[in-house]
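Working notes, beginning with the structure itself.
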């Protein structure tokens, strides 16, 4: 070997020996400061390595471990209180990496061990989160870890406060592998504590980590309990351990779907107890929940939905259906307790609420609308019920299309199909103001009185005929009751033709042997109902009846009064005027008074009504009829029976002008 080459080789060997000797005797603690400063600059956060730093480089799987690692809070975090101080303190962290897979671009960690971590997570109401580094406002992305073959968390403490969603978790976290039989083991991650004061436990198990590969799905089972909510999942992480890619068979059960907000961040409706299963797949910011099947209360539910989380507000879209809807379950959506009788499904809290409402005889629910949740997400959902169990209503189908967009909730259309007739229209809730505003416009068309008034005599309906109605109201308030108590608008009911039988006396609570029943009947069996109208002007939650009139073949009944939606009390008075010559022309007014749910029907026995004559009654009561009728449905003013009543009123001198109302006005 030439002397020059020999000298170069010796120099290289000496240099290598010097490097090896340096690495052997080098004190790695000298790098704690530089490493901390580099990490602080990258994370925009104070990072300190206060304990020993040890590195073991002589291996195809080099290992490093650091003692007493501190990560500070961002500048905007509170300086006092439970969220002050460090964001994270770790007693020891050790990590090992395989060199050869790195050459192919695969990161495999034979070991990741974290001892005594104490982590405090915080998200402000503004959305800033201390686990998002930088300015804290970057979009939160799914956690993505490399493939880990031995993952240990020992004596972990976690405090997570989400002021935006009003959630607080305080508890412990640990993980390790455990033996479950000769030559068999499994990974176990456990957490327990309290979530908003309710007990919380989570247990995630998976296959042995030793042979985990970044290119092979990793199976897992999860069992999470948060108060009364129970989540079971069995699936796999598509590419370990990218938690933004997984698929699982999911079963969720609990007392109220609304309580899933703490776990999911989704604004879901209040419901009776439920149990729902389906196939859940995550692909980055999209979650697909397909082949949903289960029960909510006493109603079945099925369908598909998806959720997008990679945007400013979560977006949910789905199509749901029920083969058979139990109608009282639908009331839970607006805060009303479901039925609690024998065979009904309701939570303990809903049973208490139902008993309180029964004791106070209240109809309209006081449940407060969670406006901040309504503003926090968007949605588009369709729901169809193919059959309905509604014992006291002739209801057959329910259909609604829901859109939630930037705090405005719209149900358009909302439709109820009866055995005869339909109730359809639109409801709009604007939750953007401090006090929500609700608008509704609903029409009842082609329905039958006998379907809603089921009284019978000798097997025949006490009253028969068509019925139409319209309610157009606007109210403000954060509950159904408060919105109703401030309502403005109009409510009108019309029956354009029909028949009234002797049993109508029973309906009114009047003795069938005398009194008003003798004036309502032609031959004590039946008489025609030419047209009946009840028109209410609604102001500040009080429905004031400026027109209640029923024109039959033998009597014209008229009435007035109020229905107070705030106090939920009724105060109506009805009196009649005979169309036939009578020896005695005295009538006793009928009163309907008391709670809206249980009014009492009685007679004003202390005085009789002096009759003013049919012409006067028609002129004073029926003058605006041509305006009222098209408000209910365009063209009703041309109905044969109601039109004749309008014509008769005109003939008696009443200033009725059917031409003053057009379908265009009626549609407003």
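Of all the residues that make up the range 78-128, how many are surrounded by fewer than 16 Cβ atoms within 10 Å (Cβ to Cβ), part of a loop (DSSP other than H, G, I, E, B) and either free of Cβ contacts under 8 Å to residues at least 60 places away in the same chain or within 38 Å of the chain's Cα centre (by Cα) (or both)?
Residues that pass the stated criteria total 13.
With (1) modelled with pLDDT of 80 or more; (2) crowded, with 22+ Cβ neighbours inside 10 Å as the list, and residue 498 as the residue in question, which single condition is left unmet?
Checking residue 498 against (1) modelled with pLDDT of 80 or more; (2) crowded, with 22+ Cβ neighbours inside 10 Å, the one that fails is (1).
Okay, residues lined up against (1) at pLDDT 90 or above; (2) crowded, with 16+ Cβ neighbours inside 10 Å:
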residue: 342; (1), (2): no, no
residue: 369; (1), (2): no, yes
residue: 384; (1), (2): yes, yes
residue: 390; (1), (2): no, yes
residue: 395; (1), (2): yes, yes
residue: 398; (1), (2): yes, yes
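Can you confirm whether the range 43-59 contains a residue that is assigned to a helix (DSSP H, G or I), surrounded by fewer than 17 Cβ atoms within 10 Å (Cβ to Cβ) and at pLDDT below 90?
Yes, there is a match, as at least one residue in the range 43-59 is assigned to a helix (DSSP H, G or I), surrounded by fewer than 17 Cβ atoms within 10 Å (Cβ to Cβ) and at pLDDT below 90.
Kindly evaluate residue 319 against the criterion of being in a loop (DSSP other than H, G, I, E, B) and either at pLDDT 95 or above or out of contact with any strand residue (DSSP E or B) (no Cβ under 7 Å at 6 or more places or on another chain) (or both).
Here the answer is no, as residue 319 does not meet what is asked.
Within the range 392-411, restricting attention to residues that are touching a residue at least 24 places away in the same chain (Cβ under 8 Å) and outside any strand (DSSP E or B), which residue is nearest to residue 372 (Cα to Cα)?
If we take residues in the range 392-411 being touching a residue at least 24 places away in the same chain (Cβ under 8 Å) and outside any strand (DSSP E or B), then 407 is nearest to residue 372 (Cα to Cα).
Out of all the residues in the range 449-458, is one or more within 24 Å of residue 384 (Cβ to Cβ) and either out of contact with any helix residue (DSSP H, G or I) (no Cβ under 7 Å at 6 or more places or on another chain) or buried (at least 18 other Cβ atoms within 10 Å of the Cβ) (or both)?
Yes, there is a match, as at least one residue in the range 449-458 is within 24 Å of residue 384 (Cβ to Cβ) and either out of contact with any helix residue (DSSP H, G or I) (no Cβ under 7 Å at 6 or more places or on another chain) or buried (at least 18 other Cβ atoms within 10 Å of the Cβ) (or both).
What tally of residues in the range 221-251 results from selecting those that are within 16 Å of residue 276 (Cβ to Cβ) and part of a loop (DSSP other than H, G, I, E, B)?
1
Which residue pairs have Cβ atoms closer than 7 Å, lie 6 or more positions apart in sequence or on different chains, and pair a first residue in the range 57-75 that is in the same structural domain as residue 120 (by TED's automatic domain parsing) with a second residue that is at pLDDT below 90 and part of a strand (DSSP E or B)?
That search, which allows pairs on different chains as well, returns 62/56; 63/56; 64/55.
On the given criteria, is residue 84 in contact with a strand residue (DSSP E or B) (Cβ under 8 Å, 6 or more places away or on another chain) and in the same structural domain as residue 144 (by TED's automatic domain parsing)?
No; evaluated as a whole, the condition is false for this residue.
Step by step: first the residues of the range 60-77, then only those that are over 43 Å from the mean Cα position of the chain (by Cα) and farther than 25 Å from residue 155 by Cβ, then the one that is surrounded by the most Cβ atoms within 10 Å (Cβ to Cβ). Which residue is that?
It comes out as 61.
Please determine, by comparing only the residues of the range 322-331 that are surrounded by 17 or more Cβ atoms within 10 Å (Cβ to Cβ) and touching a strand residue (DSSP E or B) at 6+ places or on another chain (Cβ under 8 Å), which one is farthest from residue 275 (Cα to Cα).
The extreme case among them is 327.
Against the conditions (1) under 28 Å from residue 240 (Cβ atoms); (2) surrounded by 14 or more Cβ atoms within 10 Å (Cβ to Cβ); (3) without any contact (Cβ under 8 Å) to a residue 60 or more places away in the chain, where does residue 133 fall short? Just the number, please.
Among (1) under 28 Å from residue 240 (Cβ atoms); (2) surrounded by 14 or more Cβ atoms within 10 Å (Cβ to Cβ); (3) without any contact (Cβ under 8 Å) to a residue 60 or more places away in the chain, residue 133 violates only (3).
Yes or no: residue 259 outside any strand (DSSP E or B), in contact with a strand residue (DSSP E or B) (Cβ under 9 Å, 6 or more places away or on another chain) and under 29 Å from residue 368 (Cβ atoms)?
It is true that residue 259 is outside any strand (DSSP E or B), in contact with a strand residue (DSSP E or B) (Cβ under 9 Å, 6 or more places away or on another chain) and under 29 Å from residue 368 (Cβ atoms).
Of all residues in the range 581-596 being at pLDDT below 80 and assigned to a loop (DSSP other than H, G, I, E, B), which is farthest from residue 542 (Cα to Cα)?
That would be 583.
The values are calculated or read from the model by the stated rules, or taken from the named source; none is laboratory data. This one's a predicted model, so the numbers in the text were calculated from it and none came from an experiment. Using ideal geometry, Cβ is built from the backbone for each residue, glycine included, and neighbour counts are taken over all protein chains shown.
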